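Every number here is computed from the coordinates shown, using simple stated rules; none is lab data. The model shown is predicted, which means the values in this text are computed figures rather than measured ones. Virtual Cβ from ideal backbone geometry, glycine too; neighbours counted across all protein chains shown.
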């Protein structure tokens, strides 16, 4: 990693507590997951960290994020982050009309995570393409990825993964160990 790591001090719950006390219960509902996932996607796409607190429903996605990133070593010394703005030659999200979808990559030891972040107001569908020179894939040994926040599993076929990313959301795909 290079340079300072951006840290967001998440004040959504505190701001509601100060300015909209009547809506404070919102953060302990399932509806709170959507704005949280958008913020998590934003942090992942930029290699950011977030300090957050709040009711259990609000904290669930944040706790999952920290557990996944630590379990796979993406927050460890020696891990690498490849930001979307560097236009990685070996990874691309294709067939998507929106310009507000980006892909960032984390590598740690033998681990690989792909972050596909949709910062638009529409669901997007496309193909996540991984270049054969860096991510070779043949019929005998396919690469498999698990969505870190759901039970979804994806196989790399013809160097692509068909993927849908909801509006203001993300996918965090972790390469499955062989």
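According to a simple spin-label model (label point 7 Å from Cα along Cα-to-Cβ), what is the distance in nm between residue 155 and residue 85?
Going from the residue 85 label point to the residue 155 one covers 3.9 nm.
Based only on other Cβ atoms within 10 Å, what is the fewest-to-most ordering of 116, 33, 66, 103?
Ordered from fewest to most neighbouring Cβ atoms within 10 Å, 116, 33, 66, 103 come out as 66, 33, 103, 116.
Please give the residues of segment 150-168, grouped as numeric ranges, whose backbone N is less than 15 Å from a label point set 7 Å along the Cα-to-Cβ vector of residue 60.
150-151
Multiplying the sequence separation of residue 49 and residue 31 by 0.36 nm and subtracting their Cα-Cα distance, what value in nm do you get?
That works out to 4.2 nm of additional length.
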